[in-house]
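S.K.: What follows is a structure written as structure tokens; I'll ask about it next.
The values are calculated or read from the model by the stated rules, or taken from the named source; none is laboratory data. Since this is a predicted model, take the numbers as computed values, not measurements. All Cβ positions, even for glycine, are placed from backbone atoms using ideal geometry, and neighbour counts span all protein chains on display. Just so you know, the surface numbers come from the protein's heavy atoms only, side chains and all, with ligands and any DNA or RNA stripped out. Shrake-Rupley method; radii C 1.70, N 1.55, O 1.52, S 1.80 Å.
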Amino acid sequence: MLQVLRLSLNDGLLSIGVAAVLTHILLNRYEPLAMHILVLFFAILPLVLSQLLIPHFTTPSAVAFGFTLYHLVLLTSVALYRVSPVHPLARYPGPIKLKLASYFSYKLSISGKRHLYIQRLHQDYDSDVVRIGPNEISIRDGSCITTILGSNGLSKGPGYDGRGFFLSNRSLLNWRDPAKHAQRRKPWLRGLNTAAMKHYEPVLAARITQLSDILLRKRSEPIDLTQFITHFSFDFMGDMAFGGGPELMKDGDTHGLMRRMEAGIKSGLLVEAFPWFAFHALKIPSIKARIRAFRASSDARARQRILKGTQVKDLFHFLNNDDGAEPVSPSIDDVAAEGSLVVLAGSDTVSSTLTALMYRLMRHPDVYKKLRAEVDKFYPPGESALDCKYHAKMTYLEAVINETLRLYPAQPSGSQRATTDATLVAGTHYIPPYTSVRVHVYSIHRDPRNFSPSPETFWPERWLIASNPSAWDSQLKKTPFVHNTNAFIPFSYGPANCVGKNLAMMELRMVVCHLLQQMDFKLAKPDEDHFDEATKDWFGLQVGSLPVEITPRLPV
Ligand code: HEM
């Protein structure tokens with residue numbers, strides 16, 4: 001073949017090098033995923049080109065040398081481009097390793113400390129925009145939230161294709177196409193609007209009673225509150241999705257659900273960082289089998305739920321179009337995918353917020369005392385704290401929940417969005433085409449430009465002062481009061497924000513009122529407090545363990 005060209009050794013080497021650089025330019029421009037194109041560029045082309053070296057080496061050496069040279073030049077070209085001043089993101093500072101390869105972004109996310117690391121990057125570079133991947137930036141500027149996340153903003157980033165394994169029956173969360181996403185969101189909106197909340201109250205009330213009974217039974221020994229709250233929220237979300245929970249509170253985690261969840265979260269981080277891997281992963285039999293097995297359990301539960309029909313109006317009633325609002329009902333596969341999302345999106349988020357709130361109450365006895373007084377005022381002994389009728393009047397409870405969500409947002413590093421073929425101007429920042437972007441919620445919530453004084457401090461009173469700013473005497477306090485609610489986005493913002501916010505807030509309010517009415521909590525090991533240290537940002541926030549002791553407040 002090519003050896004008929006009989007190039008000199010130098011020309012042969014040069015040709016292979018040039019071909020590798022051209023390959024980089026092509027791959028960078030079109031980012032192909034199809035296996036035959038990848039095989040062409042990564043295997044066939046270098047194999048063919050290595051024939052140029054056959055006149056100068058034995059055939060095996062020529063192939064080995066040509067192949068290695070081609071890939072070395074390709075890698076060098078990619079690396080140099082990513083750190084070079086001609087890269088579209090060159091203007092934004094960031095550590096070299098994160099600019100070089102997604103592998104390092106992945107390592108960062110799996111460490112669980114991505115939120116803290118990125119916050120430090122923003123601080124150390126003193127920049128509202130930092131580079132956190134070869135084609136990814138993090139933004140700390142609260143004024144860009146609407147432009148990036150709002151209805152005219154960006155759609156979801158490539159990481160969601162990875163999370164959805166490019167499947168056609170992925171869940172709402174993983175749809176990137178805005179039209180498809182909006183279509184899939186309709187039943188969710190019907191099922192989680194304010195009117196629908198009434199249907200869920202009794203199911204929720206029963207689960208909260210179960211939680212409180214179990215906690216009261218454990219009053220003689222220190223317990224890990226994180227585990228009990230997590231089990232509670234999984235059971236309740238199982239009720240919502242499939243008309244019946246996994247009964248973790250009753251039976252414990254006998255089937256290793258938590259272990260499987262953790263494995264699932266970690267795989268999610270992998271396919272989010274390397275969507276191309278997810279594209280091909282389903283062709284690997286062992287991975288395909290694992291995903292099938294994971295889906296099989298939710299599939300079976302979805303089928304059971306459909307066969308049972310609507311007994312109580314749970315969320316599934318709407319997702320399955322049992323309310324008949326859509327002309328065409330979704331397929332079982334689609335509903336099953338949404339069923340797993342209910343559990344995934346609604347469990348950890350609520351349980352980590354709730355646990356963080358309880359932790360902060362115990363760490364701040366003055367706040368605890370005030371909140372308990374408010375609960376006692378509205379729900380004295382004999383009054384059911386599972387009745388939501390006073391929630392709207394409970395301003396301190398609202399302040400405590402908001403302050404917890406400010407310091408412990410469920411998605412601290414923000415959800416990924418991406419530009420397509422046009423540059424986006426967000427405030428004073430230029431976001432070039434094909435760039436992934438994250439609004440760094442953790443930093444924005446703790447930025448003194450948005451919340452001051454003491455943005456890192458748990459201080460629910462800031463929410464009360466905000467509704468009556470004249471109560472703050474800046475001169476006396478020697479510091480201005482800043483409270484920018486536009487920069488408060490624990491439920492994200494825009495057309496892909498949290499569709500479960502109403503349910504989440506109802507759950508948080510009901511649980512806190514009931515538990516505080518029924519029992520007192522104190523840290524079991526106040527001198528060994530590792531709660532924040534153990535908390536991880538794994539796409540969603542995973543809080544650390546919380547050993548507590550419980551004393552009943554009412555006769556048991
Ligand atoms: C304190 C509790 C909660 C917080 C802080 C929270 C926060 C969030 C955030 C930040 C997102 C955006 C995720 C992304 O774009 O990647 C989200 C999405 C979502 N949340 Fe929640 N969530 C909570 C509870 C719930 C509950 C109880 C449900 C009920 C099932 C729920 C269902 C969803 C769904 C379905 C989405 C995807 C929305 C879409 O893509 O259109 N969440 N949530």
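S.K.: Starting from the Cα of residue 86, step 7 Å along the direction of its Cβ; do the same at residue 36; then give the gap between the two resulting points in nm.
M.R.: 3.2 nm
S.K.: Just to confirm my numbers, what's the Cα centroid distance between the range 248-266 and the range 361-385 in Å?
M.R.: 32 Å
S.K.: Quick check: Cα centre of the range 315-344 to Cα centre of the range 77-123, how many Å?
M.R.: 39 Å
S.K.: Treat each spin label as a single point 7 Å out from the Cα along the C-beta direction, and report the residue 292 to residue 182 distance in nm.
M.R.: It is 3.8 nm.
S.K.: Taking the dipole about the Cα centre of the chain, with the C-beta of Lys and Arg at +1 and of Asp and Glu at -1, give me whichever of 38, 390, 173 is farthest to the positive side.
M.R.: Working it through, the farthest residue towards the positive pole turns out to be 38.
S.K.: At a 1.4 Å probe radius, carbon and sulfur cover how many percent of the accessible area of the range 1-128?
M.R.: Values: 4960 of 7220 Å².
Exposed carbon and sulfur together represent 69 percent of the surface.
S.K.: Further, regarding this structure: What FRET efficiency comes out for residue 68 versus residue 124 if R0 is 51 angstrom and r is the Cβ-Cβ distance? Round to the nearest 0.05.
M.R.: In this case the efficiency is close to 0.85.
S.K.: Expressed as a whole percentage, what fraction of the accessible surface of the range 427-529 belongs to carbon and sulfur atoms when a 1.4 Å probe is rolled over the protein heavy atoms?
M.R.: Carbon and sulfur together cover 52 percent of it.
S.K.: Roughly what would the spin-label model give for residue 247 and residue 478, points 7 Å off Cα along C-beta, in nm?
M.R.: 6.2 nm
S.K.: Now for a different question. Rounded to the nearest 20 Debye, what is the dipole magnitude of the chain about its Cα centre when Lys and Arg each give +1 and Asp and Glu each give -1 at the C-beta?
M.R.: 660 debye
S.K.: Between residue 389 and residue 434, 0.36 nm times their residue separation minus their Cα-Cα distance comes to what?
M.R.: 11.4 nm
S.K.: Along the Cα-to-C-beta direction of residue 103, a point sits 7 Å from the Cα; which residues of the range 60-88 have their amide N less than 20 Å from that point?
M.R.: Flagged as within label range: 67-84.
S.K.: How much area per residue is accessible in the range 284-398 when the probe is 1.4 Å and only protein heavy atoms are counted (Å²)?
M.R.: That works out to 48 Å² for each residue.
S.K.: Now a separate question. Using the Cα centre as the reference, give the magnitude of the dipole from point charges on the C-beta atoms of the range 447-493 (Lys, Arg: +1; Asp, Glu: -1; all else neutral), rounded to the nearest 20 debye.
M.R.: Numbers: 4 positive and 4 negative charges, 19 e Å.
So the magnitude is around 100 debye.
S.K.: Any idea of the accessible area per residue across the range 2-83, 1.4 Å probe, to the nearest Å²?
M.R.: 58 Å²
S.K.: To continue, here is another question. For residue 366 and residue 270 in one chain, what is 0.36 nm times their gap in residues minus the Cα-Cα distance, to one decimal in nm?
M.R.: 30.3 nm
S.K.: Counting only heavy atoms of protein chains, what accessible area per residue, in Å², does the range 404-463 have with a probe of 1.4 Å? Walk me through the intermediate numbers first.
M.R.: Values: 1810 Å² over 60 residues.
That works out to 30 Å² per residue.
S.K.: So which of 180/308; 370/525; 180/501; 370/393; 266/536; 180/313 end up more than 18 Å apart by C-alpha?
M.R.: Correct reply: 180/308; 370/525; 180/501; 180/313.
S.K.: At 30 Å minimum axial length over the Cα atoms and a Kyte-Doolittle cut of -0.5, report the qualifying DSSP H helices in the chain, or say none.
M.R.: Numbers: long enough: 9-30 (32 Å, 1.00); 59-83 (36 Å, 1.23); 194-217 (35 Å, 0.24); 285-308 (33 Å, -0.70); 332-363 (46 Å, 0.65).
Helices passing the filter in the chain: 9-30, 59-83, 194-217, 332-363.
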